[in-house]
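**Q** Sending over a structure as structure tokens; questions will come in a sec.
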Amino acid sequence: MPEPERAQRQLKAELLLESQKVLGLDALTPGDGDLVFGLDFLVDGAKKYELPYVSANLARPDDTLVFPATRVVEVGSMTLGITGAMGSELGVTGARVLDPIPAVTAAVAELRSKNVDLVIVLSHLGSRSDKDLAKAVPGIDVVFGGHDRKHMESPTVVGQTAIFQAGSRGKYVGQVTFELAEGGSGWSDPEGRAKALRQQSNLKRQIERYTQQLEEAKDDKSRERLTRVLGFAEKRFNEIVIPDEGATKAHKIDATKIPMGKGLADEPVMRKLVDATLDSMGPEITSDPHGDHSTGRNPDRPTKRDWAPWAGAKQCRSCHEAEYDDWKQTPHGGAYAGLVKERRHMDLQCWSCHVTGANQKGGPTGPKDVGPMRNVQCESCHGPGLAHVKEPVKDTIIRSPSEAQCLTCHTEEQTEGQFVLDEYLPRVDHKD
Ligand code: HEC
Ligand code: HEC
Ligand code: HEC
Ligand code: HEC
């Protein structure tokens with residue numbers, strides 16, 4: 001990792017550790033991301049902020065466990081037994097990750113011997129391995145999974161185990177209520193079942209529609225696009241798990257996901273911590289180095305940089321006023337101001353998708369080198385346009401951006417599968 005990025009990430013890691021203390025967590029488990037600065041950084045942070053880490057399989061080179069394997073916590077009238085595990089394929093420096101199946105089996109046995117009401121596994125194994133774990137290790141009631149950034153509202157029930165996925169970047173908080181039936185076993189999840197069935201029939205309709213469109217497609221380009229979206233839809237269809245109807249004496253589970261969206265006010269204590277971290281990133285991150293971003297003037301930039309082969313939206317405007325006005329009112333037209341408002345435009349993990357031509361030939365090379373390329377401009381979709389400005393004919397510019405072009409920024413990780421070309425394209429093609 002290059003030094004400036006390392007320094008920024010380390011400040012953020014420190015913020016995460018401290019904020020976990022503020023959250024007052026009862027238990028948490030480390031994953032590979034917690035170990036990028038090495039084992040000592042995590043162990044020191046856990047000690048400094050008194051974080052209740054559990055892990056059945058994170059070990060030192062001599063195989064002794066780094067954190068306790070289990071934890072027993074009283075919540076309301078229930079006694080919860082908690083363990084955690086991460087994937088053994090994950091490379092972590094200064095530590096060893098033991099095979100999760102025997103490690104979790106031992107931890108579950110230990111918790112069962114303490115007569116807990118529920119055995120919970122916090123998992124950094126990934127959603128597929130979570131299912132394997134539930135099949136291989138009897139006695140797990142609930143798995144709360146992270147790692148592969150999927151999120152889901154209702155659990156997947158595998159045997160007697162309910163599996164949740166938390167999603168990524170704190171976009172949601174999940175709230176789960178357990179209602180245990182006297183002498184019952186397994187989970188009944190009628191809502192999850194209804195939802196999965198609904199999802200299944202929606203996808204089936206979508207697949208039929210795409211298949212028909214594919215048969216009627218006239219050119220290679222749309223055939224190629226439809227084959228791809230059809231592939232995505234089929235993959236999602238095959239991944240749906242329909243929960244069993246449930247035994248009559250099953251326990252009940254009720255889950256809701258609460259979006260941590262703009263509508264929610266910031267928690268003052270957290271806001272303070274975040275602001276302090278942004279401040280500590282230095283003046284570059286707290287003030288806009290490009291000067292007044294509304295006019296594009298930058299008093300601090302002495303030499304004029306050559307942006308060829310990029311022209312910039314202002315030049316396009318002189319001939320395509322209607323498209324410019326349309327673009328300006330789409331989210332792309334204000335994509336940089338949005339980052340500035342969040343004070344994240346100097347953040348090395350953020351800037352590149354909110355500007356034009358980042359890290360491409362002639363384009364911005366870093367957050368301090370953005371200049372007139374702020375926002376997701378015309379050329380993010382139509383390609384570098386200087387040649388077209390000089391010779392304004394059809395041959396010198398791309399008319400229809402490919403889906404691949406959108407996906408450079410609308411990545412799976414960023415959008416959690418929300419990006420659907422058929423829905424997104426009409427909002428940016430200047431047609432209404
Ligand atoms: C000097 C005027 C001028 C400027 C500046 C200009 N264009 Fe054009 N553009 C044209 C003309 C004229 C056409 C139509 C050419 C034709 O129909 O033969 C065109 C066509 C296009 C097309 C459609 C191409 C097609 O195949 O139908 C796109 C897309 C486009 N311009 C984008 C841009 C972008 C992006 C910029 C800024 C980088 C830009 N233009 C700057 C004059 C201009
Ligand atoms: C891989 C490209 C990419 C990166 C990196 C990226 N963004 Fe975005 N961002 C997007 C896209 C695409 C959207 C459009 C909305 C969506 O699909 O989530 C978006 C939307 C947004 C929005 C407006 C919508 C909202 O959720 O409020 C903000 C603010 C934002 N990003 C901030 C950030 C911050 C802060 C970072 C760094 C932590 C970041 N972005 C990193 C691509 C990116
Ligand atoms: C998010 C992607 C995106 C951005 C950004 C974008 N366009 Fe387009 N543009 C499209 C799409 C999609 C079409 C429709 C292509 C087609 O008809 O196949 C289009 C069509 C055009 C055309 C062809 C004539 C028309 O209106 O249909 C012109 C000219 C054009 N864009 C200019 C611009 C200019 C100038 C900007 C910046 C001010 C811009 N575009 C920004 C996606 C974009
Ligand atoms: C250079 C990166 C980039 C490219 C390329 C790009 N986008 Fe975006 N897009 C963004 C960002 C960033 C946002 C969020 C802007 C904001 O809200 O601040 C966004 C937002 C959007 C939105 C609004 C989403 C919402 O939830 O309101 C639509 C629709 C969209 N993009 C469609 C497209 C399409 C279609 C393409 C390809 C033709 C495309 N984009 C190409 C970066 C990009």
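The values are calculated or read from the model by the stated rules, or taken from the named source; none is laboratory data. Everything numeric here is computed off the predicted structure, so don't read it as measured data. Glycine gets a Cβ as well: all are built from the backbone with ideal geometry, and neighbour counts include every protein chain shown.
**Q** Is there any pair linking a residue in the range 15-27 that is free of Cβ contacts under 8 Å to residues at least 60 places away in the same chain to one that is assigned to a helix (DSSP H, G or I), with Cβ under 7 Å and at least six apart or on different chains, and which?
**A** Final answer for the pair search is Leu17/Gly45.
**Q** Identify all residues within the range 96-128 that are touching a Pro at 6+ places or on another chain (Cβ under 9 Å) and either buried (at least 21 other Cβ atoms within 10 Å of the Cβ) or of a type in the set (Asp, Glu) (or both); write none if there are none.
**A** The answer is Val108, Ser123, His124, Leu125.
**Q** Here is a further query. Suppose we filter Glu413, Glu403 for residues that are away from ligand 1 (no atom under 16 Å from the Cβ) and in contact with a Leu (Cβ under 7 Å, 6 or more places away or on another chain); which single one remains? Break it down stepwise before answering.
**A** Working: Glu413 fails: in contact with a Leu (Cβ under 7 Å, 6 or more places away or on another chain).
Going through Glu413, Glu403 in turn, just one is away from ligand 1 (no atom under 16 Å from the Cβ) and in contact with a Leu (Cβ under 7 Å, 6 or more places away or on another chain): Glu403.
**Q** Same structure, new question: Let me spell it out: the conditions are (1) under 21 Å from Gly371 (Cα atoms); (2) at pLDDT 80 or above; (3) more than 16 Å from ligand 4 (Cβ to nearest atom), and Thr277 meets all of them except one. Which number is the exception?
**A** So the condition that Thr277 fails would be (1).
**Q** Still on this structure, I have one more. Filter the range 379-432 down to residues that are in the same structural domain as Asn359 (by TED's automatic domain parsing), among the acidic types (Asp, Glu) and more than 29 Å from the chain's Cα centre (by Cα), then give me how many there are.
**A** The number of residues fulfilling the criteria is 2.
**Q** Could you give me the residue pairs with C-beta distances under 6 Å whose first residue belongs to the range 104-118 and is within 22 Å of Met86 (Cβ to Cβ) and among the small types (Gly, Ala, Ser), whose second residue is modelled with pLDDT of 95 or more and not in a loop (DSSP other than H, G, I, E, B) wherever it lies, and which are 6+ apart or on separate chains?
**A** From residues that are within 22 Å of Met86 (Cβ to Cβ) and among the small types (Gly, Ala, Ser), the pairs are Ala107/Thr70; Ala107/Thr83.
**Q** Taking the condition away from ligand 1 (no atom under 16 Å from the Cβ) and modelled with pLDDT of 95 or more, does Cys381 pass?
**A** Numbers: away from ligand 1 (no atom under 16 Å from the Cβ): no; modelled with pLDDT of 95 or more: yes.
Judged against the criteria, Cys381 is not a match.
**Q** Enumerate the pairs (first residue in the range 337-350 and in the same structural domain as Gly371 (by TED's automatic domain parsing) and in contact (Cβ under 8 Å) with a residue 12 or more places away in the chain; second residue anywhere and within 16 Å of ligand 3 (Cβ to nearest atom) and assigned to a loop (DSSP other than H, G, I, E, B)) with beta-carbon separation below 8 Å, excluding pairs fewer than 6 apart on the same chain, so at least 6 apart or on different chains.
**A** Cβ pairs passing all conditions: Ala337/Asn375.
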